[in-house]
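Novice: The structure follows.
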Amino acid sequence: MDTLCSLSGLDPLWDWNVTWYTPHPDLTQCFQHTVLVWFPCFYLWVCAPFYCLYLRFYDNGRISLSSLCCAKTGLGLCLASFGFLEMVYLLVERRRDIEHHIVFLLSPIIRSLTMILAVLMIHLERLRGFRSSIFLFLFWTLAVICSLVPLRANIQAIIDEGFSADAMRFVAFFTFFSLQLAQLILSCFADQRPATLKPVYVKNPCPVQDASFLSKVLFWWYGRLVVKGYRSPLKAEDLWSLREEDTSEKIICDLEKEWAKQWAKMQQQESALNGAQALGYKLSEQTQLLRKLHKEQSSGFCLLRTLAKNFGPYFLTGTLCLVIQDAFMFSIPQVLSLLLGFVRDEDAPLWKGYLFAFLMFLLSCLQSLFNHQYMYTCFTVGMRVKTAVMGLVYRKSLVINSAARRTCTVGEIVNLVSADTQKLMDFVVYFNAVWVAPIEIALCLFFLWQRLGPSALAGIATVILIFPLNGFIAKMRSKLQEVQMKYMDGRIKLMNEILSGIKILKFYAWENAFRERVLGYREKELKALKKSQVLYSISIASFNSSTFLIAFAMFGVYVLIDEKHVLDAQKVFVSMALINILKAPLSQLPFAMSTTMQAVVSLKRLGKFLCQDELKLDSVERAPYHPDVDGVVIDNGTFSWSKDNTPCLRRINVKVQRGSLVAVVGHVGSGKSSLLSAMLGEMEKKSGHVTVSGSVAYVPQQAWIQNATLKGNILFGRERKDSWYQKVLEACALLPDLEILPARDATEIGEKGLNLSGGQKQRVSLARSVYRKADIYLLDDPLSAVDAHVGQHIFEKVIGPNGVLKNKTRILVTHGLSFLPQADLILVMEDGEITEMGSYAELLSRKNAFADFVKAFSVSERKESATHRGTRKSVSRLSMTDFSIDLSQEQLISGDMGGASIQTMEAISDTEQEQDQEEVGRLTQADKAHTGRVKLEMYVEYFRTIGLAFIIPIIFLYAFQQAASLSYNYWLSLWADDPVVNGTQVDTDLKLGVFGALGFAQGIAIFGTTVAISLGGIIASRHLHLDLLNNVLHSPMSFFESTPSGNLLNRFSKEIDAIDCMIPDGLKMMLGYVFKLLEVCIIVLMATPFAGVIILPLTLLYAFIQSFYVATSCQLRRLESVSRSPIYTHFNETVQGAGVIRAFGEQSRFILLANSRVDHNQTSYFPRFVATRWLAVNLEFLGNLLVLAAAILSVMGRATLSPGIVGLAVSHSLQVRNFSRKPLLDKTIRQLLRKFASQVTGILSWIVRAWTDVENNIVSVERVNEYAETPKEAPWTVEDSPLPSDWPRTGSIGFQEYGLQYRRGLDWALKEISLSVNEREKVGIVGRTGAGKSSLALGIFRILEAAKGKIFIDGINIVEIGLHELRSRITIIPQDPVLFSGSLRMNLDPFDGYTDEEVWRALELAHLKNFVSGLPDKLNHECSEGGENLSLGQRQLVCLARALLRKTKILVLDEATAAVDLETDNLIQSTIRTQFEDCTVLTIAHRLNTIMDYTRVIVMDRGHITEMDSPSNLISQRGETIKLVQKISPIHLLRLPESFHHRTYLKSIYWLLNQEKHKAQDEEVLPVIAVLLEQASTFSPVLQKRCASAFSC
């Protein structure tokens, strides 16, 4: 190169005397004309082939020719033409001695060809849809930077020689430079969208898609949202739509295929192991346990492998940024060493100092940019992992089989998608620290070895000692986290059950018992958390003190092994800069290890769930509809609920003809519902063959109702067809219900149908299936929950031979014998087998079990021995128990008693009547986000719960920690400036001892502050959780009807988790930085008050940025929290209704719904984490500018500054994450400004970020505290209550002009009720749906408070006593039997107030003793969630046992036997008659035969009592009651008790015999009448003759 340059008459390529050892540095002319010109060209030519290869695989459509592209092309061609013109000029002007101008000729040729290549690359990018090019941006940046030296030289030449000396050359160069600069500016902008992307309309698209490369790097694209959020609180509609690559559909589509492959491999491995076992290799229990653990672990790693395969490539780009960031980070101390050498060398030219200062600034900026690109990538991957895992869990919940479903409760599944996904997101962010941190530590120690020699080994030894300690702590914390998550799962599961069964808790006054259970879980959870936090504090203290410990060890060994070893400023502060770098990986490593351990636990939990057994698709063969093929065929089928259980259905052989009606009957637990489940493919098929031809519609035994409008529940995703829709409503008897709904069919139905009665829920469930127009209908006892006359209507209009389904295949499980004569085929089931099969007449003629069954109900006395035929557990359905109690229709518009603000539920004024129908019908309140900054009251509330006893020591410990830190840093700076006498420093032992004492004092203080804040956070969390729990349990029923359970579960899971961990962590960080700032400010102000001129504006600037940013960040945090609740609600609802969703084949629609809710949540999460990056980049850039200014001031004032002070300040300013302290006094104001700027900017940056994190997380306190303001019930207990301990003694009840409204302004549910019920009186309450029957029960229990009038029990006004005092002294047996997970004994007696003997006695009277005695654990038998491992009838008997155990003087039966079979009903009625003989009994009845022997019957209509007398008198008066009696099916007359007045009995029979509609049903009536007349022969011969005469007709 020198030869080439010399030929062209230029100096050599490089000359140190020209470049470095001179006060006026420059580059040689040869270097300027070769390297500076050729280097950018070399970059482009070398990288272009690889870039073209990349573009080959990147095809995003074609961008049409835009003005930006034309401008770039034009400028590029101009630049190329300049080179060619220069070449032509040289050839013309210098043609004679051209060999002496080779360099000048080569450079324009290379430059021109490169510009043409750049233009080609511009158009290649355009054709591949590449909108902003980092490749060309770097090229133009290099070109401009390389032109800066010639630019300076030309400017200097103009100054020295004048412009006219070589005007043409100057003009050509400046034009060329301007064109290059213009190209660089244009490359900062993004081109228009490719043509293929334009047609897709996205509302409010994310601006990052249109952002240029530079905008993405600096996060400028985010600025508009910050400004918008500052001007006014952000709303959900202000947020951007998700990018396509971030949507659930895109992410899960790719991931699901990969996971399916991994799961198939695991299944093959398991099959191979099972095959080996089947060959005769019997495994020990220990081996089986090890296999189970291995499966869980391998499933977790399989999930990790799947996630890595899908998200790994993008994550690796972030990792590359991290590696580059580390390279810049390690370069900075080397530059610092050069800067300190410059300060020490008085003869060094000033330009070197400025160069080092600018180089440090540049390296700091690049480090910051690459660091935040890495963090952005990590958070993006974390967001996608969260979406992916949620999608996998949701899809899995739709396909797991019943055995797996019982082991995975709703609470646990919600915990998987809340807590465990968060752990995986944290893992993504901190995973790289696990392997990068050790490399960083090794590099730091290597550079320290270069400075201090073998003394660095002492630092290595210190690190080696710290690591095992923290490894042990991480392992311990991992185990504690497993324990904590276990108890958290239990708590969330229990809370889910409490929210589902809240009505039962209130009726039984069991809130305190379940509150204690929740708090028991919570205490165990906090105990594990406390241990974990103490261990974490030890870890934090050791790592935060690691800087001092390493420095103490190395400096101590260095000065002690040789007295000639001197600690000067360069050694001390370059070493301290390296140790400060070392501090980052040392502090990150424990957190990274802890996060990794937690992620491993979460991966195992997720993997375990995702590897649960699924329903087998081949259990049922799905065939297309064909009119000549049987609808359902089961050939020799054997089924069980899990592959390990014994079969519960055996030898099933059924052929259901197309279009026939098949009835399935049998005792409780005989397998009726299981048979339908087998047809649906919900059971494990052991053997046989099942074929279902055509589409299926399913009505479960307990209706599953969505939190949607009534119309939405019926349509269930189908298009509305008005004529068919109206026909379905009429057939399912829903038209009268629409009349009283606030918005007719647009009325919102609460979760699990909370605001519908049991009958209404069943009719909506039936309407859903009828609307479907399926080929096969599986109806699991849909008529039991409705009134007898409604049941008759539905049978005639829907199910029966003349109903809308008359041509469909119908399989009906029923307990109603009246419908059997019209069935084409009857299946009689007993103990899981079909014992008989045939038509009604055929079965009666055979005189087998079925005939005996019918006959058994013709006599009034029953044998208790027939109660149960075995101890086998029967699971009647898979979905969760529906926990609502049959309330009347007024409840559809119910609200709280105090008139709280459930919008749209208030009385509708004239001006409001025009409001949207949807608004009128809304019941539930969406989770609403607060706006603006978090109120000061929230902070006060949080710190008040911690208490002054903790806050004062925390402040004292922080102050002590800062004082110790300041002292040892100041001591170190004095030591570094200590003069060297005869090659040594004096009193090194003393200096080392003081340094060590101060450092250890700081370490102890760090441990104290960390423990104190952690324990204070636990105290606050315990109080806030307790307050939340108390507020929720004290809320009235209207609160639960209008608040989705997802909102509440979100508070109890995610928000409490944030209060447990994130707020204390944020406070630790923020307080640490605040005290550091106070330390710096106080010292600087003590040194010179003039520094206040800088402190004030700088603080105001950062305060402004903080307020600007926090306004947006906090609102995004709220919106993210609000949008999270619907995810949990939807998950909850889906898991409970999975069986129905599968039966209707609606899985894909529900998956889309789940996707949309997750995506909606991510639209708030994405801008939230980008906001942090935007803030950090801007603040750190500002801080770097101030550090640059400070460094330049240091260079300018080096004559007055010691190397020790420069070293201390600059070395501690470099690590923005780790701030050291400052010496007490500076020598000049410039020195103060430099130090203050260098350190305070970093501290202020982190204070802004830490404060923002605290404010973002304090939103959790705000959300948890919301329910403190909602209306509450009356007090549970009243102090100094005059209530006698044995109240009520007699059980008399009095109503005085009692009136009830569900909300003020609505119609009266009960009007002017005046009624007196005497002691021991049995009163039946009847009436049509909506008459006010259940409202009476609600009034007695004060579930709703009286709007007027009073209720007296034993002469005491019930308003004057506490709710628990009232509810615990009276008893209700509800319509829907509710059981909670826990022991059977706990379900009977949660307070442990009764002895085992009393419990067994109650079970015996409830006909459950035989069943419970046969259970392995007896009273400790574990009930699953909702009592799913007991049949419905058994659950109803458990409710009866509860009432028998309490044995209060007043018993209310709220249609308690509507959903059970005849046998169970008869058992319950006979027990009530005998055991509650001396009690007052109020029965709300569906089946009139249950109350025909009562003292009185009350007939209600529209809130009034229309009739009230004995049953016989009411019938004889032929009023409203006779109309109800007309609805009694003849078969029910068989069940009328003997104690009923015989004459009235026969009158009713006589009247019924003369009803024309029953004459047509001879098959049904004749066997009944034969039995009745046989009974009538013993009394009233006259009536018997008249009956016989009617019979003969």
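The values are calculated or read from the model by the stated rules, or taken from the named source; none is laboratory data. Remember, predicted model here, so these are calculated numbers, not experimental data. All Cβ positions, even for glycine, are placed from backbone atoms using ideal geometry, and neighbour counts span all protein chains on display. Accessible surface is based on the protein model in full, side chains and every heavy atom, while ligands, DNA and RNA are left aside. Shrake-Rupley method; radii C 1.70, N 1.55, O 1.52, S 1.80 Å.
Novice: If I compute solvent accessible area with a 1.4 Å probe over the protein chains, what percent of it on the range 648-750 is carbon and sulfur?
Specialist: 48 percent
Novice: Right, another one. How long is the gain from Gln657 to Val35 if the chain were fully straight, where each residue apart is worth 0.36 nm and the alpha carbon distance is subtracted?
Specialist: 214.8 nm
Novice: Explain nothing, just the number: relative contact order of the range 528-612, from Cα pairs under 8 Å at least 6 residues apart, as a whole percent.
Specialist: Taking the mean separation of contacting Cα pairs over the length of the range 528-612, I get 37 percent.
Novice: When you count, for each residue, the other Cβ atoms within 10 Å and take the mean per peptide, how do 1431-1438, 1102-1109, 1376-1383 rank with the highest first?
Specialist: 1431-1438, 1376-1383, 1102-1109
Novice: What is the set of long-range amide H partners of Glu621 at a cut-off below 5 Å, with H atoms built 1.01 Å from backbone N?
Specialist: Val690, Thr691, Val692
Novice: Still on this model: Can you list the trypsin sites (Lys or Arg not before Pro) in the range 599-652 that are in a DSSP coil and have 16 or fewer other beta carbons within 10 angstrom?
Specialist: Loop-located and lightly packed - Lys616, Lys643.
Novice: Taking the Cα-to-Cβ direction at Phe301 and at Arg344 and moving 7 Å from each Cα, how far apart do the two end points lie in nm?
Specialist: 5.2 nm
Novice: Distance in nm between label sites at Tyr54 and Ser164, each 7 Å beyond Cα in the beta-carbon direction?
Specialist: Each label point is offset 7 Å from its Cα along the Cβ direction, giving 5.2 nm.
Novice: Karplus couplings for the range 67-75 from phi (6.51 cos²θ - 1.76 cosθ + 1.60, θ = phi - 60°), rounded to Hz, Gly and Pro as x?
Specialist: 5, 5, 5, 4, 5, 4, 5, x, 5
Novice: Okay, moving on. Please work out how much length the chain gains when fully extended from Asn1318 to Tyr939, using 0.36 nm per residue of separation minus the C-alpha to C-alpha distance, in nm with one decimal.
Specialist: 130.8 nm
Novice: With a ≥ b ≥ c taken as the square roots of the eigenvalues of the C-alpha gyration tensor of the range 430-516, please select rounded if a/c is under 1.5 and otherwise prolate if a/b is larger than b/c or oblate if it is not?
Specialist: In terms of gyration-tensor shape, prolate.
Novice: Which trypsin sites (Lys or Arg not before Pro) in the range 1289-1359 sit in a loop by DSSP (not H, G, I, E or B) and have at most 16 other Cβ atoms within 10 Å of their own Cβ?
Specialist: Listed in order of number, the matching sites are Arg1289, Arg1304, Arg1320.
Novice: For Cys1423, list long-range residues whose amide hydrogen, built 1.01 Å from N in the peptide plane, is under 5 Å from its own amide hydrogen.
Specialist: Placed amide hydrogens put Gly1382, Ser1383, Leu1384 under 5 Å from Cys1423.
Novice: Same structure again: Taking the Cα centre of each part, how many Å lie between the range 1261-1313 and the range 544-593?
Specialist: 70 Å
Novice: How do 523-533, 1131-1141 rank on mean C-beta neighbours within 10 Å, highest first?
Specialist: 1131-1141, 523-533
Novice: While we're here: For the pairs Lys250/Lys524; Lys721/Lys752; Lys493/Lys583, note any where the Cα-Cα span goes beyond 30 Å.
Specialist: Among Lys250/Lys524; Lys721/Lys752; Lys493/Lys583, the Cα-Cα distance tops 30 Å for Lys250/Lys524; Lys493/Lys583.
Novice: Is the C-alpha gyration tensor of the range 661-726 telling us rounded, prolate or oblate? Criteria: a/c under 1.5 is rounded; beyond that, a/b larger than b/c is prolate, otherwise oblate.
Specialist: Prolate shape, in that a/c is at least 1.5 and a/b is the bigger ratio.
Novice: Quick one: compute the contact order of the range 586-670, relative version, from alpha carbon pairs under 8 angstrom and 6+ residues apart, as a percent.
Specialist: 21 percent
Novice: How big is the gap, in Å, between the Cα center of the range 992-1019 and the Cα center of the range 744-808?
Specialist: Between the Cα centres of the range 992-1019 and the range 744-808 lies a distance of 68 Å.
Novice: Right, here's the next one. Order the peptides 755-761, 1334-1340, 68-74 from the highest to the lowest mean number of other Cβ atoms within 10 Å of their residues.
Specialist: Going by the mean number of other Cβ atoms within 10 Å, highest first, we get 755-761, 1334-1340, 68-74.
Novice: Now for a separate question. Ignoring ligands, DNA and RNA, how do Trp1400, Trp14 rank by accessible area with a 1.4 Å probe, largest first? Provide the component values of the computation, followed by the final result.
Specialist: Working: Trp1400 60, Trp14 105 Å².
Descending accessible area places them as Trp14, Trp1400.
Novice: Ok, one more. State to the nearest 20 debye the size of the charge dipole of the range 653-748 about its Cα centre, where the only charges are +1 on K and R beta carbons and -1 on D and E beta carbons.
Specialist: Working: 11 positive and 9 negative charges, 103 e Å.
Result for the range 653-748 is approximately 500 debye, rounded to the nearest 20.
Novice: At what distance in angstrom do the alpha carbon centres of the range 1040-1064 and the range 1434-1453 lie from each other?
Specialist: 34 Å
Novice: If amide hydrogens are placed 1.01 Å from N in the peptide plane, which non-local residues have theirs closer than 5 Å to the one on Val1278?
Specialist: Gly1362
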